[in-house]
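A.B. asks: Take a look at this one; I'll ask things after.
The values are calculated or read from the model by the stated rules, or taken from the named source; none is laboratory data. Just so you know, these numbers come straight off a predicted model, no measurement behind them. So basically every Cβ, Gly included, is an ideal-geometry build from the backbone, and we count neighbours across all protein chains shown.
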Amino acid sequence: MESLLKNLKEHVTCSICLDTYTKPKTIACLHTFCCACLERHALMRQKQGLYPCPECQAQIRIPEGNGFDNLPSSFLHNSLLSLLAVRRSGEGNEISCSTCQKNSAEINYCFDCEKFICPDCVKAHDVFRNTMFEGHKVTPVRQFEAADYEALLKRQSFCSEKYHKKDVIRFFCVDCQRCVCPACIATNHKGHDVVLIENAADDEKAKILARTEQVREKKMVCRDVIREFENTEVELEANITTAKGKVSQAVEQMIRKLKQLEVEAITALEEARVSRIEKFLSGKASVVSLEKQLEQAVEFSNNLVERSSSSDIMQNKKSVEERIEDLIKTTVPVLPVNSFVEFVSTCEPESLSLGSMNFSETKVWESTVEGLDQNFQAGVEAELLICPKSSEGEIRNTQCTDHVEVHIDPADQVRSLVTSEKEDGHFLVKIMAKVPGVCKMEVKINGLKLAKSPFSLPVKAREFNVIGKLDFQGELSQGPTGIAVNSKESLSLGFTKFCETDVPASTVEGLDQNFQAGVEAELLIFPKSSEGETKDSQHTDRVEVHIEPADRVSNLLMSEKEDDSFIVKFVAKVPGTYEMEVKINGQELEFLIPVKARQLHFAGKLDFQGAVSPGTAGVAVNSKGVIAVAGCKGHCILVFDEAGKFVRKPGCHGDQDGQFNRPIDVTFINDDEILVGDNCNHRIQRLNVQTGNFVKKFGKEGNGDGELKNPASVCITSDGRFIVVAEFVNSRIQVFTMDGEPVLKFGDSGSERLDHPVGCICYEDNFIVTDKNNNCVKEKGNGDGRLDWPCGLSVDKCGNVFLCDRLNNRIQQFTLEGTFIGKTSTDLKLEQPWGITTISDDRILITEFDGKEVIILK
């Protein structure tokens, strides 16, 4: 309410005349204007009975008979105008008495009668205070507080029925769907289903808010589409610039008479740029218009629910519902063309041909992939057809060259991936998956992903079906044991009835290694022939590997090498003794594998080289190996390149943009930008580590939604869509959009209440939190698996959780289920480890709270 009162003049100012509303009227898009201003604007701008809204450009129909007076009045703005008049009375303006109609600057207001009363009528009112007006609250308008203004704003309106105009609307007729007064109930609505206006309004508030949330979500879609328009426009400009450069570079190699061709090529590109930019601007304007309409619907609905009376809500509910329904059904415009432009030089020194320009007319979002419904089987080549579509929805013209990219994840489970272009403009993709499972295929055309990309390819175990047979025609007395086919597809059958592989003589190498929980181990299986040699490559063995207990083993993979040996990779989750059974052609070999708790050892360090005073906290690394460290006591960020060399130190002490007050955590959101938990400034800052420049920030000190109190940890969700912040003082976790808007909070109530959380990371769909005073994940202590002030944590590619056990001066390793599986070696002397992150090569980076270097473990 204080914010409303502070900006009250702004809320009652018509955007057309820039003056206070006169007869405010609300149009279909829920924007409000003076009746006369709206009529003048509409009649001047109308085309075919439609005129654009001055705010959001929505096309609105002229009212029948140009009856702008018949448009719905804005109850909210009329109430705000009354509020403005009351505010101005404190400045000496006069208000009419509701009883005697006399104007007075010393006006009072009775909150029970809901009337303005002049000083003379107040005296009469006081005469009956002990009888008719007992307990009534009468307050001089000059003494109004914020709560009084809110009560005035939400006062109920009077009945519009003849002879009822002194009765306040207090009920709602369910049968007639109308707001009524007590006199109406006794006359026109006698016997009808009638409820209190507040009860009816409460039911409608929930419905309006639910629909408003849908509008808010669609507004976010619009914002994403607008961002896509803007990004594509930038890409188009960049590609046009690149193409122009190629044109100029080709022209420089030619003789003077080719200059005219250069001009023609540049002109063609410029015309294409202008044409496409016009399409972008037109499309973007449509989305901006829709976004404004959605924003107005949200604002109008919120104002209606929060600042209007129950009668206002009920009288506006139909128009609001209709508008929201129309907006939800409205299709968000998509990109009319893409940004792909490329100049291809065909010029040779002796040639006078400048080259050609390729403009992709492909509508990537309408292009399709055929063959996704086939039965994918491991070891069987599958074919898919990518069908680019032109702007008219046809298969793209073969004169236009599209750049098609296909990526399969996980790549190591695909034996072959070949993409080739066909004469009809299609692209043929041939893939062969090695093992059963689900592969993700991402398809890009000219750098843009297809709709629904990445596609899921469910790969099943291969099935063999009988499709025919060769009859021996009585030539054999016993069954054959071997078969072969030559390059001419002639068959040869063999009858050797013994296996060439001597299974008992076969060996497994690597069993003497130091197996550790959470660490990938490799074994080599060498089948031996009957003569004791490694098996002849002309013979194929069937090898199976089983490890028990199976539920404690992850990432078990086996593949055949070129030398006919088999490599087995697996990760034991927890310490213990495992039984490995190896079957070669059905014959068993059994082995015991002792797995110990993991021990982490010193492997190196990164020296700050005096760039900052000792005292660091969070540490993070991007996909290129660039390292960022939060210099807590130095109020800065330390950046190291992929070789571990110190390169820059952005930030200094302060509360301005790009300055810090004890930054305590850092995380990469991409290879160039980081988020920093600016602890004592109670905010999150976003920086570019390549330049050290400030990008944006969000958060301020407080305990409300979106407010922060000593953020101790910041990370990104696994899908990269949200920012997660652990608040040390507020003892909660807050989730924000990538733009810094709050969407969720938890941990500050209930049986699982947090008590000063220090670290938080996201792994798949889970939040993993270290809680200082609860000493989670385990009990307090210094034994294995016990913690004393847990701090930073990280998860590696195998799903191992590494945790800084600060006051026990060590790093501990757990499974995702919380089972202890390892720790730093006893000869490694850490001093209050705080920050931790893992690198793709299995190394681990550690910071110490009062340290002056980053410690590397292996």
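A.B. asks: Take region 539-567 and flag every residue that is crowded, with 16+ Cβ neighbours inside 10 Å and acidic (D, E).
C.D. replies: D541, D564
A.B. asks: Kindly provide the set of residues from region 429-455 that are in a strand (DSSP E or B) and farther than 28 Å from E235 by Cβ, ordered by number.
C.D. replies: Answer for region 429-455, where residues must be in a strand (DSSP E or B) and farther than 28 Å from E235 by Cβ: K430, I431, M432, A433, G437, V438, C439.
A.B. asks: Then there's this: Determine if region 384-401 includes at least one residue that is at pLDDT 80 or above, within 25 Å of L556 (Cβ to Cβ) and outside any helix (DSSP H, G or I).
C.D. replies: no
A.B. asks: Identify, by number, the condition in (1) assigned to a helix (DSSP H, G or I); (2) at pLDDT 80 or above that T99 doesn't meet.
C.D. replies: (1)
A.B. asks: So T616 clears everything in (1) touching a residue at least 60 places away in the same chain (Cβ under 8 Å); (2) in the same structural domain as Q516 (by the TED database) except one condition, right? Which one?
C.D. replies: Exception for T616: condition (2).
A.B. asks: Also, quick follow-up: Within region 818-843, can you find the residues that are farther than 16 Å from T667 by Cβ and among the aliphatic types (A, V, I, L, M)?
C.D. replies: If the condition is that a residue be farther than 16 Å from T667 by Cβ and among the aliphatic types (A, V, I, L, M), then I821, L828, L830 are the ones that fit.
A.B. asks: Hey, another quick one. Answer yes or no as to whether I836 is at pLDDT 90 or above and either aliphatic (A, V, I, L, M) or assigned to a loop (DSSP other than H, G, I, E, B) (or both).
C.D. replies: yes
A.B. asks: Please state which of the following conditions L153 fails to meet, knowing it meets all the rest: (1) modelled with pLDDT of 80 or more; (2) surrounded by 17 or more Cβ atoms within 10 Å (Cβ to Cβ).
C.D. replies: (1)
A.B. asks: Can you tell me which residues in region 271-285 are surrounded by fewer than 17 Cβ atoms within 10 Å (Cβ to Cβ) and without any contact (Cβ under 8 Å) to a residue 60 or more places away in the chain?
C.D. replies: Selection gives E271, V274, S275, I277, E278, K279, L281, S282.
A.B. asks: Now, a different point. So in region 236-270, with the set limited to residues that are of a type in the set (D, E) and either at pLDDT 85 or above or exposed (fewer than 14 other Cβ atoms within 10 Å of the Cβ) (or both), which one is farthest from A285 (Cα to Cα)?
C.D. replies: Ranking the candidates gives E252 first.
A.B. asks: Quickly run through region 568-582 and pick out the residues that are surrounded by 15 or more Cβ atoms within 10 Å (Cβ to Cβ) and closer than 22 Å to V503 by Cα.
C.D. replies: Selection gives V568, Y578, M580, V582.
One line per residue, one yes/no per condition, for (1) assigned by the TED database to the domain that holds K772; (2) closer than 26 Å to V676 by Cβ; (3) touching a residue at least 40 places away in the same chain (Cβ under 8 Å); (4) in a loop (DSSP other than H, G, I, E, B):
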site	(1), (2), (3), (4)
F802	yes, yes, yes, no
L807	yes, yes, no, no
E817	yes, no, no, yes
I821	yes, no, yes, no
T826	yes, no, no, yes
D842	yes, no, yes, yes
L845	yes, yes, yes, no
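A.B. asks: Could you tell me whether V263 is more than 34 Å from the chain's Cα centre (by Cα), over 15 Å from S339 (Cα atoms), part of a helix (DSSP H, G or I) and without any contact (Cβ under 8 Å) to a residue 40 or more places away in the chain?
C.D. replies: yes
A.B. asks: Among V758, V735, which is modelled with pLDDT of 90 or more, surrounded by 15 or more Cβ atoms within 10 Å (Cβ to Cβ), under 29 Å from the mean Cα position of the chain (by Cα) and within 23 Å of I844 (Cα to Cα)?
C.D. replies: From the options V758, V735, the qualifying one is V758.
A.B. asks: Within region 800-817, can one find any residue that is under 19 Å from V729 (Cβ atoms), of a type in the set (S, T, N, Q), surrounded by 15 or more Cβ atoms within 10 Å (Cβ to Cβ) and within 27 Å of the chain's Cα centre (by Cα)?
C.D. replies: No, region 800-817 has no match at all.
A.B. asks: If we keep just the residues of region 106-127 that are part of a loop (DSSP other than H, G, I, E, B) and in contact (Cβ under 8 Å) with a residue 24 or more places away in the chain, which is surrounded by the fewest Cβ atoms within 10 Å (Cβ to Cβ)?
C.D. replies: So, considering only residues that are part of a loop (DSSP other than H, G, I, E, B) and in contact (Cβ under 8 Å) with a residue 24 or more places away in the chain, the one surrounded by the fewest Cβ atoms within 10 Å (Cβ to Cβ) is D112.
A.B. asks: When you check G604 against the structure, is it at pLDDT 85 or above, surrounded by fewer than 19 Cβ atoms within 10 Å (Cβ to Cβ) and closer than 29 Å to D796 by Cα, yes or no?
C.D. replies: no
A.B. asks: Name the single residue, out of those in region 717-732 being of a type in the set (V, I, T) and surrounded by fewer than 20 Cβ atoms within 10 Å (Cβ to Cβ), that is nearest to the chain's Cα centre (by Cα).
C.D. replies: Filtering region 717-732 for residues that are of a type in the set (V, I, T) and surrounded by fewer than 20 Cβ atoms within 10 Å (Cβ to Cβ), the one nearest to the chain's Cα centre (by Cα) comes out as T717.
A.B. asks: OK, next. Look at region 304-325 and say how many of its residues are surrounded by fewer than 21 Cβ atoms within 10 Å (Cβ to Cβ) and either basic (K, R) or more than 22 Å from Q177 (Cα to Cα) (or both).
C.D. replies: Qualifying residue count for the region: 3.
A.B. asks: Just the residues that are in contact (Cβ under 8 Å) with a residue 60 or more places away in the chain, surrounded by 22 or more Cβ atoms within 10 Å (Cβ to Cβ), closer than 25 Å to K596 by Cβ and not polar (S, T, N, Q), please, taken from region 828-840.
C.D. replies: I836, the sole residue that qualifies.
A.B. asks: Next up: Give the residue that is surrounded by the fewest Cβ atoms within 10 Å (Cβ to Cβ), with candidates limited to residues of region 658-681 that are among the polar types (S, T, N, Q) and in contact (Cβ under 8 Å) with a residue 40 or more places away in the chain.
C.D. replies: Looking at residues that are among the polar types (S, T, N, Q) and in contact (Cβ under 8 Å) with a residue 40 or more places away in the chain, I get N670.
A.B. asks: Another question, if that's okay. Please work out which one of (1) modelled with pLDDT under 90; (2) in contact with a Leu (Cβ under 6 Å, 6 or more places away or on another chain); (3) surrounded by 20 or more Cβ atoms within 10 Å (Cβ to Cβ) is the condition V714 fails and give its number.
C.D. replies: Exception for V714: condition (1).
A.B. asks: Going through region 818-858 one residue at a time, which ones are more than 24 Å from V574 (Cβ to Cβ) and within 31 Å of the chain's Cα centre (by Cα)?
C.D. replies: Matches in region 818-858: W834, G835, L845, T847.
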